[in-house]
Amino acid sequence: MSKERQSNIELLRVIAMFFILWVHADFYSIGEPSYSDVLSKPLDSSLKIIFEAICISAVDIFVMISGWFGIHAKVKGLCAFLFQCLFFTIGLFIVNIACDYTTLSVQGLLGCVMMTSSNWFIKSYLFLYILSPILNAFVETVPRVVFKKVLIAYFTMLIVYGWLFPESVTYISLGYSPLSFIGLYLLARYVNLYRPKFTNYSASTDVYVVLGVISCVSIICIAPPLLGQKWVYPYTINRCFSYVSPLNIFIALYSIIMFSKLHLKSKLINWCAVSCFAVFLFHSNAKFFGYSYQEMCQQFYAIYSTWEYWGMMFCVMIGIYVIAILIDKIRIMMWNIFTNTERTKSK
């Protein structure tokens, strides 16, 4: 019997995936505001920065939720994950050919099996999944003090070489790497297992902490142009919106702590959460994203006002979310039919 999903954390998973959609509609599609943009279009630029500050920790949240519960790696689970990925990569490749967005090619086929430079998250998460038994063994056998020292040493190295001086190494890649995922996984495991003192505040206090840090990130990025510090602005933008930023990791961790204190049971939330990774696979597909989502964002942003743009994109994101989840339910039905057939044959 599978363990019942915790709707409070599953709600955070659903929200985090929506935030990923939002991030891709923000800096990733329409570009980060320049120094002159902040001065000439303060409202538009400030909104973009604030939205990015709110949403950028979503990827860290997604990985840390896996660490919060711990990955119980099994061959069947790995196959199910790969089936979900291939269902969308191959399916969207066929749709793109039918819509004349692309043609049948070796490069396209390689993309279907994730052998190109796209789909970085899938490949990094696969590494984490495969290594999770080793990570779990470490967590279960080492004393708490050793675990704590490892985390301190790890994040010191990550902050120095991955955040402050990212040019000095390439393998951390600003958080776009399995090495970053491993640290996030272990940090979430530690906090859930040992519940340090900072986890024992009320949920309302946690809300203030998260909002306070998000506000700090926003102010750090908006303030330099207003204060005439032109040389500082590119540095703050690049560092504040990195997946290895200690501020973003803090926001992600505290968000999980905050939602863990909610008392919530919802079949609808759990039903959506099972398929929310499909939203990522659907909208961030290399061809679909380039020809549809990203292009749509750029066209809307060029035509409409700031508020109209975000209002329209909110509706678009809701639509993408619903469509992706419904498509994924077909994938789940196919997987269940396949696994039940295999189980019947083995009897």
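Any residue in the range 44-73 that is at pLDDT 95 or above sitting within a Cβ distance under 6 Å of a residue that is among the acidic types (Asp, Glu) and crowded, with 18+ Cβ neighbours inside 10 Å? List the pairs, counting only those 6 or more apart or interchain.
Listed by first residue and then by second, the contacts come to Lys48/Asp26; Phe51/Asp26; Glu52/Asp26.
Return the pair list, or none, for Cβ contacts closer than 8 Å from residues in the range 165-177 that are surrounded by 10 or more Cβ atoms within 10 Å (Cβ to Cβ) to residues that are among the charged types (D, E, K, R) and in a helix (DSSP H, G or I), at least 6 apart or on different chains.
Final answer for the pair search is Gly175/Asp60.
On the given criteria, is Lys76 over 19 Å from the mean Cα position of the chain (by Cα), within 30 Å of Leu326 (Cα to Cα) and charged (D, E, K, R)?
Answer is yes for this residue.
Across the range 237-251, which residue is modelled with the highest pLDDT among those that are farther than 9 Å from Trp163 by Cα and surrounded by fewer than 19 Cβ atoms within 10 Å (Cβ to Cβ)?
Filtering first and then ranking leaves Phe250.
For residues that are β-branched (Val, Ile, Thr) and in a loop (DSSP other than H, G, I, E, B), scanning just the range 211-248, find the one that is farthest from the chain's Cα centre (by Cα).
Ranking the candidates gives Val232 first.
In the range 49-64, what count of residues is obtained for those that are surrounded by fewer than 22 Cβ atoms within 10 Å (Cβ to Cβ) and under 19 Å from Arg189 (Cα atoms)?
Number of matching residues: 0.
Within the range 209-248, track down each residue that is basic (Lys, Arg) and under 24 Å from Phe19 (Cβ atoms).
Arg239
Within the range 104-210, considering only helices (runs of 4 or more DSSP H) that don't extend past its boundaries, which have at least 2 residues that are at pLDDT below 90 and touching a helix residue (DSSP H, G or I) at 6+ places or on another chain (Cβ under 8 Å)?
106-112
Within the range 33-48, take every residue that is among the hydroxyl-bearing types (Ser, Thr, Tyr) and in contact with a helix residue (DSSP H, G or I) (Cβ under 7 Å, 6 or more places away or on another chain) and give me the one that is surrounded by the most Cβ atoms within 10 Å (Cβ to Cβ).
Once the filter is applied, the top-ranked residue is Ser45.
Within the range 180-197, take every residue that is touching a residue at least 12 places away in the same chain (Cβ under 8 Å) and more than 14 Å from Val139 (Cβ to Cβ) and give me the one that is farthest from the chain's Cα centre (by Cα).
Ser180
With a cut-off of at least 2 residues that are surrounded by fewer than 21 Cβ atoms within 10 Å (Cβ to Cβ), name the helices (runs of 4 or more DSSP H) lying wholly within the range 252-322.
267-274, 294-303
Test of understanding: among Asn200, Asn192, which residue is within 30 Å of His263 (Cα to Cα), out of contact with any Asp or Glu (no Cβ under 7 Å at 6 or more places or on another chain) and loosely packed, with under 14 Cβ neighbours inside 10 Å?
Asn200
Within the range 99-109, can one find any residue that is crowded, with 16+ Cβ neighbours inside 10 Å, under 30 Å from Tyr301 (Cβ atoms) and of a type in the set (Asp, Glu)?
No, because not a single residue in the range 99-109 is crowded, with 16+ Cβ neighbours inside 10 Å, under 30 Å from Tyr301 (Cβ atoms) and of a type in the set (Asp, Glu).
The values are calculated or read from the model by the stated rules, or taken from the named source; none is laboratory data. Bear in mind the structure is a predicted one, so any value in this text is a computation, not a measurement. Virtual Cβ from ideal backbone geometry, glycine too; neighbours counted across all protein chains shown.
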